[in-house]
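K.L.:
Can you keep this structure in mind? I'll have questions shortly.
The values are calculated or read from the model by the stated rules, or taken from the named source; none is laboratory data. Predicted model only: the values in this text are computed from it and were never measured. Heads up, the Cβs are rebuilt from the backbone with ideal geometry, glycines too, and the neighbour counts pull from every protein chain shown.
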Amino acid sequence: MKNLLALNWKMNKTPSEAQAWAEELQSKLALSESKLGDAELAIMAPAIDLQALSWFLKDSGVAIGGQDVSAHESGAYTGEISAAMLKDVGAKYAVVGHSERREYHNEDDAGVAAKAAQAQAGGLVPIVCVGEGLDVRERGEQVPYTLAQLRGSLAGVGADVVIAYEPVWAIGTGKTATAEDAEELAAAIRAELRTLYGESADSIQILYGGSVKPDNIASICAKPNVNGALVGGASLKVADVVGMNDALK
Ligand code: PGA
């Protein structure tokens, strides 16, 4: 299965900075050794940057997506962004249930599932994030915890989905899970997806996220059930992105 290299800019880069970044990426990818690799490259940008990215990455083969999406189709929801709006600007993906949204915006599994279903209804592929905190990991309960979160976050959601396993203790901390830790959870997630979706589970991409960088991405993505990465910190500099793209060749 093709790897997905999904970049999560979080709340970084103005539209002008996004434009400059996209132009730099285009010129680096034009160099022969840095062409888009076997992985699909997708940028999860602040919603206000998507128009600029859509324009400046036109025909580049690089996909774009939102970092969140409303659970509602349209209407009186001040401040929210709908799936139709993301789709209209050229987005393919929407991240839902990132641990920072779960923690700082009190999002629960049912709300995440509603957002994922709404993303699908609007023609987007949701990237559904799950993963345990340090306390759960220290108790050795990461598998049942993450699978319960997965089931709750996929209630009523179809199989056209990407899953990101992101252990919260590894996000932005420099502490990467080992490739074996990532595979343990990815394999458990794959088995759970089979019970939910049958054979379609075998074509669902499962990403690992948490302090992924150019020098650790290849070993993590070489694991049989890991099909790419969701990258925060190392997504901001074009040189790191080109390094990760090259590492996945
Ligand atoms: P990180 O973030 O790569 O900076 O650890 C990953 C994420 O939050 O998606």
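K.L.:
Within the stretch 177-185, identify whether any single residue is at negative phi, touching a Phe, Trp or Tyr at 6+ places or on another chain (Cβ under 8 Å), away from the ligand (no atom under 16 Å from the Cβ) and assigned to a loop (DSSP other than H, G, I, E, B), and answer yes or no.
P.N.:
Looking through the stretch 177-185, none of the residues is at negative phi, touching a Phe, Trp or Tyr at 6+ places or on another chain (Cβ under 8 Å), away from the ligand (no atom under 16 Å from the Cβ) and assigned to a loop (DSSP other than H, G, I, E, B).
K.L.:
Based on this model, can you work out whether residue 184 counts as among the acidic types (Asp, Glu), more than 15 Å from the chain's Cα centre (by Cα) and at pLDDT 95 or above?
P.N.:
When the stated conditions are applied, residue 184 passes them.
K.L.:
A follow-up question, please. Tell me which helices (runs of 4 or more DSSP H) are completely within the stretch 99-161 and hold 2 or more residues being within 16 Å of the ligand (Cβ to nearest atom) and farther than 18 Å from residue 197 by Cα, or say none if there are none.
P.N.:
99-104, 134-138
K.L.:
Now, a different point. Hey, residue 188 hits all of (1) aliphatic (A, V, I, L, M); (2) over 22 Å from residue 114 (Cα atoms); (3) more than 14 Å from the ligand (Cβ to nearest atom); (4) surrounded by 22 or more Cβ atoms within 10 Å (Cβ to Cβ) but one; which does it fall short on?
P.N.:
(4) is the only condition that residue 188 fails.
K.L.:
Please enumerate the residues belonging to the stretch 61-98 that are more than 16 Å from the ligand (Cβ to nearest atom), among the charged types (D, E, K, R) and assigned to a loop (DSSP other than H, G, I, E, B).
P.N.:
Scanning the stretch 61-98 gives 73, 80, 92.
K.L.:
So, one more: Out of the residues in the stretch 211-249 that are in a helix (DSSP H, G or I) and not hydrophobic (A, V, I, L, M, F, W, C), state the one that is nearest to the ligand (Cβ to nearest atom).
P.N.:
Selected residue: 233.
K.L.:
Considering only the stretch 88-99, how many residues are more than 12 Å from the chain's Cα centre (by Cα) and either crowded, with 21+ Cβ neighbours inside 10 Å or among the aliphatic types (A, V, I, L, M) (or both)?
P.N.:
2
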